[in-house]
Amino acid sequence: MSDTEGEFCGVGSVRIDDETVELHVDKAIDDLADKLSAHPLPALMHCDVPMATDGLRAIAEAPSDANPLMSDALLSEARSIMGLGGWIVCTLRADAFFAFTALATQLGKNFTRKVWHAVLRWAHYLATTKNIRMTYRRPKAGAQWMYFVDSSLLNAPGSGSYGGFGMCYEGSGLMDWRCFTPRRLGDSSATAELIMATAASKAALGHRMLFDELRQAQVGGTPLCIDALAVKNGAEMEKVSREMKYMAARYDMLRQAETAGAIKLTKVHTSVNIADIFTKPLGGEDFRRLRAMVMGLTAWTLTAT
């Protein structure tokens, strides 16, 4: 974009310099703040992070006298807040996407007081961090866009595992991100990581075809960055153990994609695996560090191992 400032379909842009552009959804966040004016944060609750570190346990807690089910009227209000906030996090605020995914699973089946309070924490977080904008920087000559993949084992309600992936250039904000809990998941970290890796590889193949049609084909395989060796080692082996036999097709999918030069499984240091922000509620310095990376607030550098 040549203009210093602009707006398109609710997304505003501000050009900082020839190398940097910020995108924002300030109007939508202002609308969310208006909705929240009637729903202040509960006493002693803070919104410095989208979800408390014990938030998954809290929102999955069964109804009780201390944690009653809330009214249908309040449920309707929560859905309205989640709808607007969901558009915000799906459009630009990747830092709050995990909490949205987790909360969305509870609204229709377990709308308790703790779920309502968690919705308020998440929404107030978005409203009070309006100044945090997705920042994109011009990639260096020859730079490749890449995917980061991660999963946490059995941390979702019902013994599921949250995981996700994000696409970006080194040092810039995310261009694509996902966070979900697969319906069918194994009971080991290797299988959880493998399922997320295959999901990310499918997304990477789709983007490769898109960029190719735009005559911006990526040279070489798209780096698929992981911080655990189980998936990389499994894809390099032609045989799998008896316990992992039912995952053989997924390993073969990665193996074929890598052999064809479409992806490149890459081990990275866990401190720069930005997909960790899509696997669990984080707090403190861990959250701030990964938020800065997924939003492109700092010109970070990839550390391969």
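None of the figures in this text is laboratory data; all of them are computed from the coordinates on show. Keep in mind the model is a prediction, meaning the values are calculated, not measured. Quick reminder, even Gly has a Cβ in these numbers, built from the backbone with ideal geometry, and neighbours come from all protein chains shown.
Subtracting the Cα-Cα distance from 0.36 nm times the residue separation, let me have the gained length for N131 to N67 in nm, one decimal.
That pair, N131 and N67, stretches by 19.6 nm at full extension.
What does the extension gain come out to for D212 and K267, with contour length at 0.36 nm per residue minus their alpha carbon separation?
Contour length minus the Cα-Cα distance gives 17.2 nm.
Once you've got the GNM for the chain with C-alpha springs shorter than 10 Å, pick whichever of G108, G221, G163 has the biggest mean-square fluctuation.
G108
At what distance in nm do the modelled label points of T53 and C9 sit from each other, each positioned 7 Å from its Cα along Cα→Cβ?
Computed distance between label sites T53 and C9 equals 3.9 nm.
What size of dipole, in debye to the nearest 20, comes out for the chain about its Cα centre when the only charges are +1 on Lys and Arg C-beta atoms and -1 on Asp and Glu C-beta atoms?
Dipole of the chain, to the nearest 20 debye: 740 debye.
How large is ³J(HN,Hα) for each residue in the range 62-70, as worked out from phi by the Karplus curve 6.51 cos²θ - 1.76 cosθ + 1.60 (θ = phi - 60°), to whole Hz, x for Gly and Pro?
5, x, 7, 4, 7, 9, x, 5, 8
Mark the label point 7 Å from the Cα of D18 along Cα→Cβ and return the residues of the range 121-158 whose backbone N is within less than 15 Å of it.
Hits in the range 121-158 for D18 at 15 Å: 138-141.
Can you tally the lysine pairs in the chain where the Cα-Cα distance is under 26 Å and the two residues are eight or more apart, or on different chains?
Taking the Cα cut-off of 26 Å, the pair count is 28.
Within a Cβ distance under 14 Å of A78, other residues only, what is the Lys/Arg minus Asp/Glu net charge?
Neighbour charge sum, excluding A78 itself: +4.
Expressed in nm², what is the orientationally averaged projection area of the convex hull enclosing the Cα positions of the chain?
Computing the convex hull of the Cα atoms and averaging its projections yields 17.0 nm².
Hey, can you rank 94-101, 112-119, 56-63 by average C-beta count inside 10 Å, highest first?
So the peptides 94-101, 112-119, 56-63, ranked by packing, come out 94-101, 112-119, 56-63.
Count the DSSP beta bridges whose two residues both fall in the chain, then state the antiparallel fraction as a percent rounded to the nearest 5.
That works out to approximately 80 percent antiparallel.
At a 10 angstrom cut-off on C-beta neighbours, averaged per residue, how do the peptides 202-209, 167-174 rank from highest to lowest?
167-174, 202-209
How do F211, F8, F111 rank when sorted from fewest to most other Cβ atoms within 10 Å of their own Cβ?
Going from sparsest to densest Cβ surroundings: F8, F211, F111.
If I require 24 Å or longer along the helix axis, counting alpha carbons, and a Kyte-Doolittle average no lower than 0.5, what helices from the chain are left? Use full DSSP H segments.
72-91
Binning at 10 angstrom from zero up to the longest distance, how are the C-alpha pair distances of the range 141-294 distributed in percent?
11, 41, 35, 12, 1
Mean shadow of the range 5-128, computed from the convex hull of its alpha carbons, in nm²?
8.5
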